[in-house]
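So the structure is just underneath, and the comments pick up after that.
Just so it is clear, none of the values below were taken in a lab; they were calculated from the coordinates. Values in this document were obtained by computation on a predicted structure and should not be read as measured data. Using ideal geometry, Cβ is built from the backbone for each residue, glycine included, and neighbour counts are taken over all protein chains shown.
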Amino acid sequence: MNILVICQYYAPEPFRLPDICQALTAMGHRVTVVTGTPNYPEGAIYPGYEKGARADEVLDGVRVHRVPLIPRKKGIVYRFLNYYSFQLSSCRYARRLREPFDVVLINQLSPVMMAQAGLSWARRNGKKTVLYCLDLWPESLCAGGIRPGSLIYRYFARVSRRIYNAADRIAVTSRGFEPYLRQRLGVKTPCVYLPQYAEDLFDDVAEHTPHEGPYHFVFAGNVGHMQSVETILQAAELLREDSRAVFDIVGDGVALDACKAMAAGLENVIFHGRRELGEMKAVYAMADAMLVTLKDNPVLASTLPGKVQSYMAAGRAVVGAIGGETATLIREADCGLCVPAEDAEGLAGAIQNLLDSPGELDRYGGNARAYYRKYFRKDAFLETLVSLLEAACRAD
């Protein structure tokens, strides 16, 4: 197949899409990606990409075109300027595309408007679209402070409904997404469950073994408003006198500065900053358990953060302050402990339980890896994705 991929984010930004595109290319498909100038999560254009530099390049056999956009910087105004500048630039570029693509794959994170270029190109050229939904809109706005029922929320509910209904097929990363799309937005597009997988390097992390010294509880990923890293820091405050626990925060994002200020004086918290994908194997290897947190929001609870699959593939116990889909998974896989979202006291208690019974870390880690290999394998993901794309091609 000749596949057009639309997504605002791509390598060197820290997302899984490049691994998917490289895998499709290795299978013999031709892949072209239309994306934005890299600036996530720091909010500044990456060095070497300023003023349109490297707008066209080939990365591991994938052709990549980067359209200009306004970097996200800090604050909600720049965030929306960033969102809409990509939508306008990508739609303008897509109108000039003359290559005979067979199908369009839209990798939809935030914002949902990033899908528009793919939908417009497909409509003009009589082709089908597969939209891979990783973030639910408009609900993702609530974690950023937009009140449900507000004028802004209602506006983006209409935008989201139009975009989701315009796709020919939606693949969802969590089983909780489809009820939301159907019941809250009235979306009629057929949906397929397609959970994320972890890159191959995480499957190669050495098994956890007992050791002397402090135990490392690691959060890895975006430090944003939705992730509620503050809950981890509050738990660290409660455990500051327990020398057995160290909290490692690996990542960057809009809430990082506030989290650093909140953790001032806490000697059991270490901020490592953002690490490249190739460095993450070492990060996971040092971990005794991995942390996952989200804000207390009923719709956010329906999501399954992609980091969870990486945690499980690496064979590490998962400790969560999170509800819904992730909590169900942790309990079903028996791969760790989970307390309600934003429950810092409960999180501290769960960590203390593991410190008192460190043998459980090995058991949970083994269960995590076994469950991952049974249900979240990369080859199964690719098989389903290719089937969806091929079916879309046949439907022309």
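In order along region 277-290, phi translates into HN-Hα couplings of 4, x, 8, 6, 4, 5, 4, 5, 5, 7, 7, 8, 7, 10 Hz, rounded to whole numbers, per the Karplus curve 6.51 cos²θ - 1.76 cosθ + 1.60 with θ = phi - 60° and x for Gly and Pro. Starting from a Cα-only point model with no solvent, please compute log10 I(q)/I(0) by Debye for the chain at q = 0.07, 0.08 1/Å. With no solvent term, the Cα-only Debye profile gives -0.31, -0.41.
Sequentially through region 37-45, phi angles give Karplus couplings (6.51, -1.76, 1.60; θ = phi - 60°) of 5, x, 8, 9, x, 5, x, 10, 4 Hz, Gly and Pro residues having no value and appearing as x.
Can you tell me how region 200-375 classifies by the Cα gyration tensor, rounded, prolate or oblate, using a/c under 1.5 as the rounded cut? Rounded, because the longest to shortest axis ratio a/c is under 1.5.
Add +1 for every Lys or Arg and -1 for every Asp or Glu among the other residues with Cβ under 14 Å from the Cβ of residue 33, and state the total. With Lys, Arg at +1 and Asp, Glu at -1, the neighbours total -1. Using C-alpha pairs below 8 Å separated by at least 6 residues, the relative contact order for region 50-116 is 22 percent.
Of all DSSP beta bridges in region 6-150, what percent run antiparallel (nearest 5)?
In region 6-150, approximately 25 percent of DSSP beta bridges are antiparallel ones.
Applied to region 182-196, the Karplus parametrisation 6.51 cos²θ - 1.76 cosθ + 1.60 on θ = phi - 60° returns per-residue 3J(HN,Hα) values of 6, 7, 8, 10, x, 6, 10, 4, x, 10, 10, 7, 9, x, 6 Hz, with x for Gly and Pro. Sorted fewest first by neighbouring Cβ atoms within 10 angstrom, 178, 325 come out as 178, 325. Quickly estimate the mean residue ellipticity at 222 nm for the chain, helices only: each DSSP H run with n ≥ 4 gives -39500 (n - 2.57), and the total goes over all residues, rounded to 500. Dividing the helical sum by the residues of the chain leaves -12000 deg cm²/dmol. Rounded to the nearest 5, the antiparallel percentage of DSSP beta bridges internal to region 200-375 is 0%.
With Cα atoms defining each centre, region 334-350 and region 172-219 are spaced 18 Å apart in the structure.
Between the amide H of residue 59 and those of 64, distances stay under 5 Å, these residues lying 5 or more places away or on another chain, with hydrogens modeled in the peptide plane. Just for the chain, what percent of DSSP beta bridges are antiparallel, to the closest 5? The answer is about 10 percent antiparallel.
A Cβ-based charge dipole, computed about the Cα centre of the chain with Lys and Arg at +1 and Asp and Glu at -1, lands at about 2540 debye. Ranked by how many other Cβ atoms sit within 10 Å of their own Cβ, fewest first, the residues 153, 83 fall in the order 153, 83. If I fit a long axis through the Cα atoms of helix 359-375 and take the longest principal axis of the Cα atoms of the chain, what angle between them do I get, 0 to 90°, rounded to 10? Around 20 degrees separate the two axes. This model, with +1 at the C-beta of Lys and Arg and -1 at the C-beta of Asp and Glu, gives region 200-375 a dipole about its Cα centre of some 400 debye. Between the C-alpha center of region 243-308 and that of region 1-47 there is a gap of 24 Å. When 86, 15, 271 are sorted by how many other C-beta atoms sit within 10 angstrom of their C-beta, beginning with the fewest, the order is 271, 15, 86. Dipole orientation for region 69-131: of the candidates 87, 112, 126, 87 has the Cα lying most toward the positive pole (charges on Cβ; Lys, Arg +1; Asp, Glu -1).
Farthest toward the positive end of the dipole of the chain, out of 41, 321, 171, is the Cα of 171, where the dipole comes from beta carbon charges about the Cα centre. Which net charge results when you count Lys and Arg as +1 and Asp and Glu as -1 among the other residues whose beta-carbon is under 15 Å from that of residue 343? The answer is -4. Compute the whole-percent fraction of alpha carbon pairs in region 109-232 spaced more than 20 Å apart. Summing the P(r) tail past 20 Å for region 109-232 gives 57 percent.
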